[in-house]
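In what follows, a single structure is set out as structure tokens and then discussed.
The values are calculated or read from the model by the stated rules, or taken from the named source; none is laboratory data. Predicted model only: the values in this text are computed from it and were never measured. Here Cβ is always computed from backbone atoms with ideal geometry, including for glycine, and neighbour counts include all displayed protein chains. Side chains included, ligands, DNA and RNA excluded: accessible areas come from the protein's heavy atoms. Shrake-Rupley method; radii C 1.70, N 1.55, O 1.52, S 1.80 Å.
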2 protein chains.
Amino acid sequence: MNHGHEPHHTMNLNLTDIRDDALAARVQYLIDHKTKPLGALGRIEALALRLALIQGCETPRLDAPQLVVFAADHGIAARGVSAYPQDVTAQMVSNILAGGAAVSVLARQHGLALTVVDCGVRSNLAPHPSLIVAKVMQGTADASEQPAMTRRQCEDAIDHGARILRQLPGNALLLGEMGIGNTSAAALLMARLTGLPIEQCAGRGTGLDDAGLARKLEVLRRSLALHATVREPLDILTALGGLEIATMVGAVLEAARERRAILVDGFITTAAVAVAAALAPEVLQRCVFAHCSAESGHARWLHYLGQEPLLNLDLRLGEGSGAALAWPLLRSAQLLLAEMASFDSAGVSERSE
Amino acid sequence: MNHGHEPHHTMNLNLTDIRDDALAARVQYLIDHKTKPLGALGRIEALALRLALIQGCETPRLDAPQLVVFAADHGIAARGVSAYPQDVTAQMVSNILAGGAAVSVLARQHGLALTVVDCGVRSNLAPHPSLIVAKVMQGTADASEQPAMTRRQCEDAIDHGARILRQLPGNALLLGEMGIGNTSAAALLMARLTGLPIEQCAGRGTGLDDAGLARKLEVLRRSLALHATVREPLDILTALGGLEIATMVGAVLEAARERRAILVDGFITTAAVAVAAALAPEVLQRCVFAHCSAESGHARWLHYLGQEPLLNLDLRLGEGSGAALAWPLLRSAQLLLAEMASFDSAGVSERSE
């Protein structure tokens, strides 16, 4: 990779491999001796084990969960790839902060701290206690005409994400995003990272009709052709990504380094995790995929990444709404591991076979 | 039906049909003007609409949700149809009341009032403020040798369920159950109510091996042959059911009459709902199916009933654990309908198409 300047950040991409057969066996023993038939809590048991491995202990806790919505605009949106005008990014950030968006309601329901990061919204947003301004520029350039950002801008965004994460308390990160046009950026990243044809990656986003989808695919094909030689993860992110996605990559890498549990939302946040995992595969060990989105590429991408999501509710909203909806399942897994009685302690007979 | 005595209860089986096109249109309008792309909250939107129709208003509430665990023993368990000894029913009731069972942990997590009803546990249980004794007898008779109960006992159990429900506050009922052997009773009810062969109804329950499953199927075939002429829902319940299932039928019918939302758990609670729906089909309008159990017949029964469950997590525990895990989704649907801003109120632009 030759990008014309020295890296100015010091992201450490060497993540610990958190697999630990001895710990896994101890946790599985605890789970198997809880007062229930063997395996009867199904995927919730696997979730408890995952959480124990992330935290490296038999009794994981979940403290001060942070739902962070990464927001930015996309130059490619000017090509008519979304059903909504670009101004909606800023309007929805205001709505999220004012408490009226879906993710606002769900964060209140579950006691999740909600922070919005302005990673590159086109307009300047009014200050708010829950808004962090980490704006690299006023939206990306149009990736169908030039790289979405410079390598330096991409690294700045990644740095911002890591620094923001370091300042947030707790041990669980729920990923959210807002950015008109960002299913286009995510689909471009998916196509290049997986090698799948763009028709299998791009979908209707917030609700394109057939003509809109055809237009979107044409713009995305042009973008991929323009950047046909770009192959390394950070080069792909620079050429085709978004500022909220790049900032999220930094946040995900830092959260993974700190061994926070990372609850992944839909298609866009999966894009950020996929880029981070291309840089450091151990990222996926820390991730729980909240749901399979109705955005058509998401199921395929999850399959490609070898991940099975918790929920399948035809969501396609983003904002972190799916992560918030799945949050109580992660909490349940933690509480069941911590609080359920064992056959011994409860005086319940084991199997008669 | 000739069962030798006058019905001594007055269960009114005429339930209101709660379909209301005008209300549905008004609620759909509200949902469609929330600040999100059309339909982007997927099945959560359908859930909000369902709840509005159940309560007959545009702004449904969820008050004092009640998780009720109906417990009883089964004569057929003596035939070795379960991996666990019958004493486990009473032991697990104690464990639930002591706070150590999965459902205890989940009820605490979500602030659900948890009540256990002794509908016919073989032993006498120690008094507890959250235990209601509505014992018809000390477990059913063995349905492979004689009817599981008398028609009078079945009606008593139904009456108990209705009376208990009337005394519980709130407008949401989460169904749970505990009873060693009750997947056998549920499979028998399924086979007779749906006409499907018993192999498509019965599964491994709490964890039978291949030999155990073969033994269970043989006992169930004998039971169905013995009661081959029984066709009416209450006769089927009398011959093949369980006391916790019959009590639940009464509770479900009463909850439906009061237009409470009914959150159905797994295979056994589906059996109760299926019997209730055979008596009054409008019951299903009030039901939300929490999850598809790993018990093999459940997916098929849900399909037969035309119901799509919310979760698919390979659960097969019962107790109401799946209903409790799905509860926050129902709450989310209610809160999103009540609290999300509209495009107008939030000043967000609508679609540009």
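Above 18 Å lies some portion of the pair distances; for region A:303-353, what is it as a whole percent of all C-alpha pairs?
Distances greater than 18 Å cover 58 percent of the Cα pairs.
Tell me, what is the 1.4 Å probe accessible area of A:C119, in Å² to the nearest 10?
0
Scattering from the C-alpha atoms of chain B alone, worked out with Debye: what is log10 I(q)/I(0) at q = 0.09, 0.10, 0.12, 0.14 1/Å?
-0.47, -0.57, -0.81, -1.07
Place a +1 charge on the Cβ of each Lys and Arg in region B:47-201 and a -1 charge on the Cβ of each Asp and Glu, then give the dipole magnitude about the Cα centre in debye, rounded to the nearest 20.
Computed about the Cα centre, the dipole is about 220 debye.
On a 0 to 90° scale, report how tilted helix A:42-55 is relative to the longest principal axis of chain A, with both axes built from alpha carbons and the result rounded to the nearest 10.
The answer is roughly 80 degrees.
Can you say what percent of the DSSP beta bridges in the protein assembly as shown, counting only those with both residues inside, are antiparallel? Round to 5.
Antiparallel: roughly 5 percent of the beta bridges in the protein assembly as shown.
Can you tell me the relative contact order of chain A? Whole percent, Cα pairs under 8 Å, sequence separation 6 or more.
That works out to 24 percent.
Residue by residue, what Karplus-based ³J(HN,Hα) values in Hz, rounded to whole numbers, does region A:169-174 have, using 6.51, -1.76 and 1.60 with θ = phi - 60° and x for Gly and Pro?
x, x, 10, 9, 10, 9
Can you tell me the dipole magnitude for the protein assembly as shown around its Cα centre, using point charges on the Cβ only (Lys, Arg +1; Asp, Glu -1), in Debye to the nearest 20?
Result for the protein assembly as shown is approximately 80 debye, rounded to the nearest 20.
Label region B:178-315 by shape, choosing from rounded, prolate and oblate, from the square roots a ≥ b ≥ c of the eigenvalues of the Cα gyration tensor; if a/c is under 1.5 it is rounded, and otherwise prolate applies when a/b is larger than b/c, oblate when it is not.
Oblate shape, in that a/c is at least 1.5 and b/c is the bigger or equal ratio.
Looking at A:P129, A:G297, A:T59, which one has the Cα that reaches farthest to the positive end of the dipole of chain A (charges on Cβ: Lys, Arg +1; Asp, Glu -1)?
A:P129
All other residues with a Cβ under 11 Å from the Cβ of B:L220 taken together, and with Lys, Arg as +1 and Asp, Glu as -1, what is their net charge?
+4
Rounding to the nearest 10 and keeping the result within 0 to 90°, find how far the Cα-based axis of helix A:321-339 lies from the longest principal axis of chain A.
Between helix and principal axis, roughly 20 degrees.
For the rotation taking chain A to chain B, which residue of A has the Cβ nearest the axis, and how many Å away is it?
A:P328, 2
Out of every Cα-Cα pair in region B:126-169, what percent are more than 15 Å apart?
53
Measuring label to label, 7 Å along Cα→Cβ, what does B:A299 give against each other copy in nm, shortest first?
In nanometres, ordered from closest: 1.4.
Shortest first, in nm, what separates the label point of A:E218 from those of the same position in the other copies (7 Å along Cα→Cβ)?
7.0
Would you tell me the mean number of C-beta atoms belonging to other protein chains that fall within 10 Å of each C-beta in B:331-340, as a whole number?
Counting other chains' Cβ atoms within 10 Å and averaging over B:331-340 gives 5.
So who's got an amide H within less than 5 Å of the one on B:L263, skipping anything under 5 residues away but keeping other chains? H placed 1.01 Å off N, in plane.
Under 5 Å from the amide H of B:L263 lie the amide H atoms of B:L173, B:L174, B:L175, B:V288, each far enough along the sequence or on another chain.
Below 8 Å, C-alpha to C-alpha, sequence gap of six or more: please give me the relative contact order for region A:163-251 in percent.
Relative CO of region A:163-251 lands at 37 percent.
Stokes-Einstein diffusion coefficient for region B:225-277 at 4 °C in a medium of 1.567 mPa s, Rh from the Kirkwood formula over Cα pairs: what value in µm²/s?
112
Could you give the angle, 0 to 90 degrees to the nearest 10, between helix A:87-98's Cα long axis and the longest principal axis of the Cα atoms of chain A?
Tilt of helix A:87-98: around 40 degrees.
With a ≥ b ≥ c the root eigenvalues of the C-alpha gyration tensor of region B:280-336, is it rounded (a/c under 1.5), prolate (a/b larger than b/c) or oblate?
Oblate, because a/c is 1.5 or more while a/b does not exceed b/c.
Rounded to whole Å, give me the distance from the Cα center of region A:18-39 to that of region B:241-257.
After rounding, the separation between the Cα centres reads 37 Å.
Can you tell me the dipole magnitude for region B:80-166 around its Cα centre, using point charges on the Cβ only (Lys, Arg +1; Asp, Glu -1), in Debye to the nearest 20?
Its charge dipole is roughly 280 debye.
Could you tell me the center-to-center distance, by alpha carbons, between region B:279-353 and region A:150-208 in angstrom?
29
Please find the FRET efficiency linking B:E199 to B:E258, where r is the Cβ-Cβ separation and R0 is fixed at 41 Å, and quote it to the nearest 0.05.
Working from the Cβ atoms, E equals 0.60.
Percent relative contact order of region A:134-283, based on C-alpha pairs within less than 8 angstrom and at least six residues apart?
RCO, region A:134-283: 39 percent.
If each of A:D209 and B:A225 carries a label point 7 Å out from its Cα toward its Cβ, how far apart are those two points in nm?
Modelled inter-label distance: 6.4 nm.
If you wrap a convex hull around the C-alpha atoms of the protein assembly as shown and split its volume per residue, what is the figure in Å³?
150
Along Cα→Cβ, 7 Å out, is where each label goes; now give me the distance between the ones at B:Y29 and B:D17 in nm to one decimal.
Taking the simple label geometry, B:Y29 and B:D17 are separated by 2.4 nm.
For A:R61 and B:S130, what is the calculated FRET efficiency with R₀ set at 35 Å and r taken between the beta-carbons, to the nearest 0.05?
0.80
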